[in-house]
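What follows is a short report on a single structure.
The values are calculated or read from the model by the stated rules, or taken from the named source; none is laboratory data. This is a predicted model, so every value here is computed, not measured. Every residue, glycine among them, receives a Cβ derived from its backbone with ideal geometry; neighbour counts consider all protein chains shown. Areas reflect the complete protein model, heavy atoms only, side chains present, ligands, DNA and RNA absent. Shrake-Rupley method; radii C 1.70, N 1.55, O 1.52, S 1.80 Å.
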Amino acid sequence: MTDWLQVALLILLMLGTSRLLGRHLWQVFDGQPQPWLDRWLSPFESTLLRWVGDPGRPAELAWDYLRPLLLSNFGFTAVALLLLLVQPPWLNPQGLPPVPWDLSLHTAISFVTNTDQQHYLPEQTFSDLTQLGAIQFLMFTSAATGLAVGVAFIRGLTGRPLGNFNSDLIRAITRVLLPLSLMFAVVLLIQGVPMTLGGPVSLRTLEGATQILVRGPVAGYEAIKQLGENGGGFFGANSAHPFENPSPFTNLLAMVAMLAIPAATLDAFGRFLGNRRQANLLLLLVTGLLLALAVVAIQAEQSGNPLLAPWLSGPNLEGKEVRFGATLSALFAAITTATMTGAVNGSMDSLMPVGGMVPLFNMFLQVVFGGQGTGAAYLLVFLILTVFLTGLMVGRTPELFGRKVEKAEIVWSSLILLIHPLFVLLPAALTLADAPTLAGISNPGFHGVSQVVYEYTSAAANNGSGFEGLADNSRWWNLSTVASLLGGRYLPIFALLQLAAGFARKPPVPPGPGTLATDTALFTLVTAVVILILGALTFFPVLALGPIAEAFSLPR
């Protein structure tokens, strides 16, 4: 009962913060006056814009917004890659060596794409300098990049210019991510999460042995990890480690943090559109999908493992922290994949087949809150497709937000939906075709298929979590997932910006008798059906070969 009360409290906190933070996002990115922040931050932001040589003009074309995005992300990657390859002796009391080139490349690209897929044990691989200067630096810039793209897409769909990328990036960091992370880090610090550059501590155990206890600047790292939907852990155990997530209270805060900005982005969209009802219905839609999928995962874990039934009854606690239990671990798994965060407070590989199918399905859809900024954009793409399909069915002109939905919008929307399965299914098929050499599967059979598909899905969806029984720190995995990381991040961004720029150039059309209302409960329900059907049809064969087949192979 206590666990279910925490689920209810989580939803209430998420819905409550969405309105407050959504108003703030709208003010930040719509240029609304914020006297106190403007007084302190505007001179600094203007100086940064001048330093990068940007006059601050809004982008007229999609390429005008995309070009500085790609240049800045390339620069961020280069700085982080250099630090990983060298790993200098400063703030490196353990004397950790430079990181191999293939792992360095994978790590830098993984973090610049907001994926944070980790093919290593962080506490045994990175110094504090690398954690701060490369990893945490990219956590801020990648989250800000995604948020900027989401806002640009919203501007385009509501008939505004896309905006200026460098300005959006800077304001996303200075006015959203940094202040929120600072507040969250202070709370975590009070709760016992360490924040130190003191290096490891040597302790004497009760048995008389010596144990090295790794510490570091964890509280600040943990804050942006959750708020920025990054997910990569300071420790290999991620949010199951007591230094990252010491109590059920911090576990609740982590889940609220993962949901806060995606929910607020939808609220901000309603303010940009001037139709809060539309945004509220979309927020209820994704909240309903999240709750439904979370209940499926919770029920699967609470039912236990039938293979152990003759000897052990109760929930499936393999790979779970006792202080969280089966319910909160399954809920965390559902939220971390719904929001594309990728943090974990238990072993995803130890989930029951149906419990493991929920994270996979979340990443297939990418719209159950979704990634930082981009999740809201993908949801609006489904809205465009739903308007088109329902318009065809009832004989009405496809219009959305006062503009006609025509061939170009459907082509770009379809491409956005097709990119994701391309970078999941093709590399997974190549890997499974030579599984003994390439895959590193630790569990043969149906679960092995799930391990491989999950790894590429996580990369292409910019999530970063994994079925960690997989031996993924190999040259094949490091380089093949780089293709999914890059393709799953930048190709959809290109298509989203093209779609938004074209939509913004369309002349507004006054609503008429044939206009289909999109801010109704019925239309929202139809949108949910379209999302589920498209997601299920695209990936059902993979689910059938992996978790579904594994579930049917268990005794009844």
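Quick notes on this structure:
- Cross-link partners for K407 among the lysines, with Cα-Cα distance under 17 Å and sequence neighbours closer than 8 places in the same chain left out: K506.
- Residue by residue, region 176-192 carries 3J(HN,Hα) couplings of 10, 6, 5, x, 5, 5, 4, 5, 5, 5, 5, 4, 5, 4, 5, 7, x Hz when phi is fed to the Karplus relation 6.51 cos²θ - 1.76 cosθ + 1.60 (θ = phi - 60°); x denotes Gly or Pro.
- The share of alpha-carbon pairs in region 65-221 lying farther apart than 23 Å comes to 48%.
- Probing with 1.4 Å while keeping every protein chain in the model, the per residue accessible area of region 349-502 equals 31 Å².
- Sequence-distant residues sharing a close amide H with R403 (under 5 Å, placed H): V509
- Along each principal axis, taking the top coordinate minus the bottom one, the Cα set of region 315-372 gives 30, 21, 14 Å in descending order.
- Electrostatic tally near T515: other residues with Cβ closer than 13 Å to its Cβ, Lys and Arg +1, Asp and Glu -1, net +1.
- Note on region 428-488: with neighbouring protein chains present and a 1.4 Å probe, carbon and sulfur make up 65 percent of its accessible heavy-atom surface.
- Separation of alpha-carbon centers, region 27-54 and region 360-402, rounded to whole Å: 32 Å
- In the chain, the calculated helix contribution to ellipticity at 222 nm averages -21000 deg cm²/dmol per residue, counting -39,500 (n - 2.57) for every DSSP H run with n ≥ 4.
- Taking max minus min of the alpha-carbon positions on each principal axis, region 99-191 gives extents of 50, 38, 17 Å, largest first.
- When each of the peptides 365-372, 310-317, 400-407, 155-162 is scored by the mean number of other C-beta atoms lying within 10 Å of its residues, the order from highest to lowest reads 365-372, 155-162, 400-407, 310-317.
- From most to least packed by mean Cβ count within 10 Å, the peptides 534-547, 129-142, 510-523 give 129-142, 534-547, 510-523.
- Mean silhouette area of region 295-423, derived from the convex hull of its C-alpha atoms and averaged over all directions, reads 10.4 nm².
- Computed log₁₀ I(q)/I(0) - Debye formula, equal Cα scatterers, no solvent, region 422-521, q 0.11, 0.19, 0.20, 0.25 Å⁻¹: -0.49, -0.86, -0.93, -1.29
- Its alpha carbons considered, region 183-262 gives a radius of gyration followed by a Dmax of 13.6, 48 Å.
- Local electrostatic count, P398, Cβ distance below 14 Å [Lys/Arg +1, Asp/Glu -1]: +2
- Translational diffusion coefficient of the chain (Stokes-Einstein, Kirkwood radius from Cα pairs, 20 °C, 1.002 mPa s): 90 µm²/s.
- Taking a Cβ cut-off of under 12 Å around P122, the surrounding Lys, Arg, Asp and Glu residues balance to a net charge of -3, with basic ones at +1 and acidic ones at -1.
- Mean separation of Cα contacts under 8 Å (6+ apart) over length of the chain, as relative contact order %: 18 percent
- Dipole in debye (nearest 20) - the chain, about Cα centre, beta carbon charges: Lys, Arg +1; Asp, Glu -1: 1480 debye
- Whole-angstrom gap from region 121-137 to region 164-211, using each part's C-alpha centre: 12 Å
- Kirkwood-Stokes translational diffusion coefficient of region 468-556, alpha-carbon pairs, 25 °C, 0.890 mPa s, µm²/s: 134 µm²/s
- For K225, the lysines whose Cα comes closer than 23 Å to its Cα, not counting residues fewer than 8 places off in the same chain, are K320.
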